[in-house]
Amino acid sequence: MASYFSTELNKSIKAYLDRFETKRTAILPILHAIQDEKQWISGADVLALEQEYDLSAVEVREVLTFYSMYRTSPPKPYRLEICKSISCFLMGAKESVKTAKEALDKAQKEGRELPFEVHEVECLGQCGYAPAGYVNKDRQNNITPERALELIDQYSKKYDNESQEKK
Ligand code: FES
């Protein structure tokens with residue numbers, strides 16, 4: 001029977017199961033391998049691990065929900081990162097993050113899904129431009145709350161335009 005996982009992933013999963021003493025201890029690196037390949041871990045991945053490798057779905061879900069480094073939903077097209085380290089913190093980064101997250105929540109409640117997710121990150125070496133950050137690979141300086149909203153607006157429009165062009 002064909003495996004649910006790719007050949008590469010099967011190799012990695014088997015290698016981790018061989019290397020670790022118990023199946024439970026192999027769960028973390030296995031989930032990393034899945035996330036590396038697929039960018040997130042779905043319910044179908046969890047079930048396939050149980051069916052093909054006899055890894056308890058309950059235990060896998062426990063690990064998934066305990067550690068914040070695992071994604072259980074697909075990544076959004078744009079990732080707004082705002083530095084939370086000292087210089088940016090002092091220049092109001094927390095407020096910028098809060099404002100950006102509230103904008104995404106508000107849009108969601110109104111039935112609009114913005115192509116964004118917001119993350120706080122450690123120092124990016126742009127401390128002179130605090131609060132500093134990135135939208136995907138685009139460097140951003142002085143991300144005040146107003147600027148955070150502008151960025152969300154600007155990139156969301158860009159995404160809409162690109163999506164229209166593809167149709
Ligand atoms: S403290 Fe934010 S970039 Fe360094």
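The values are calculated or read from the model by the stated rules, or taken from the named source; none is laboratory data. Computed from a prediction, not measured in an experiment: that's the story for all the values here. Cβ placement follows ideal geometry from the backbone for every residue including glycine, while neighbour counts extend to all protein chains displayed. The protein model used for the area step is the full one, side chains on, heavy atoms only, and it has no ligands, DNA or RNA in it. Shrake-Rupley method; radii C 1.70, N 1.55, O 1.52, S 1.80 Å.
Net charge within 10 Å of Tyr134 by Cβ-Cβ distance, Lys/Arg positive one each and Asp/Glu negative one each, not counting Tyr134 itself? Provide the component values of the computation, followed by the final result.
Values: positive: Arg79, Lys137, Arg139; negative: Glu81, Asp138.
My count for the surroundings of Tyr134 gives +1.
Sort Phe116, Phe66 by accessible area with a 1.4 Å probe, largest first.
From most exposed to least exposed: Phe66, Phe116.
So how far apart, in nm, are the two label points at Phe20 and Ser56 if each is 7 Å from Cα heading toward Cβ?
1.3
Anything over 22 Å Cα to Cα? Flag those among Lys109/Lys166; Lys76/Lys137; Lys38/Lys84; Lys14/Lys76, in the order listed.
Working: Lys109/Lys166 27 Å; Lys76/Lys137 14 Å; Lys38/Lys84 28 Å; Lys14/Lys76 30 Å.
From Lys109/Lys166; Lys76/Lys137; Lys38/Lys84; Lys14/Lys76, over 22 Å: Lys109/Lys166; Lys38/Lys84; Lys14/Lys76.
Working with all protein chains in place, sort Met91, Met1, Met69 by solvent-accessible area computed with a 1.4 Å probe, largest first. Mind dumping the intermediate values first?
Values: Met91 120, Met1 220, Met69 85 Å².
In descending accessible area the options line up as Met1, Met91, Met69.
As an exercise, identify the trypsin sites (Lys or Arg not before Pro) in region 104-155 lying in DSSP coil whose Cβ has no more than 14 other Cβ atoms within 10 Å.
Arg112, Lys137
Show the residues, 5+ positions off or on another chain, whose built amide H is closer than 5 Å to the amide H of Phe116.
Counting only residues 5 or more places away or on other chains, the set is Tyr78.
I'd like to check one number: the per residue accessible area of region 19-167, probe 1.4 Å, reported in Å² as a whole number. Intermediate values should be presented prior to the final figure.
Details: 9140 Å² over 149 residues.
Heavy-atom SASA per residue in region 19-167 reads 61 Å².
With the cut-off at 1.5 for a/c, could you classify region 53-113 from its C-alpha gyration tensor as rounded, prolate or oblate? Numbers along the way, then the final one.
Numbers: a/c = 3.17, a/b = 1.64, b/c = 1.93.
It comes out oblate by the Cα gyration axes.
If we restrict to alpha carbons, what Rg and Dmax does region 69-167 come to, in Å?
13.7, 45
Could you state the per residue volume, in Å³, of the convex hull enclosing the Cα atoms of the chain?
164
Can you give me the relative contact order of the chain as a percent, contacts being Cα pairs under 8 Å and 6 or more apart? Intermediate values should be presented prior to the final figure.
Values: 198 pairs, mean separation 31.2, N = 167.
Computed over the chain, the figure is 19 percent.
Accessible area of the chain with a 1.4 Å probe: how many percent of it is carbon plus sulfur?
Working: 5390 of 10440 Å².
In the chain, the share of accessible area belonging to carbon and sulfur is 52 percent.
Strictly under 4.7 angstrom between C-beta atoms: which cysteines of the chain have no such partner?
Result for the chain is Cys123, Cys127, no neighbouring Cys Cβ within the cutoff.
Quick one: Cα centre-to-centre distance for region 123-139 and region 11-35, in angstrom?
Centre-to-centre distance over Cα atoms comes out at 35 Å.
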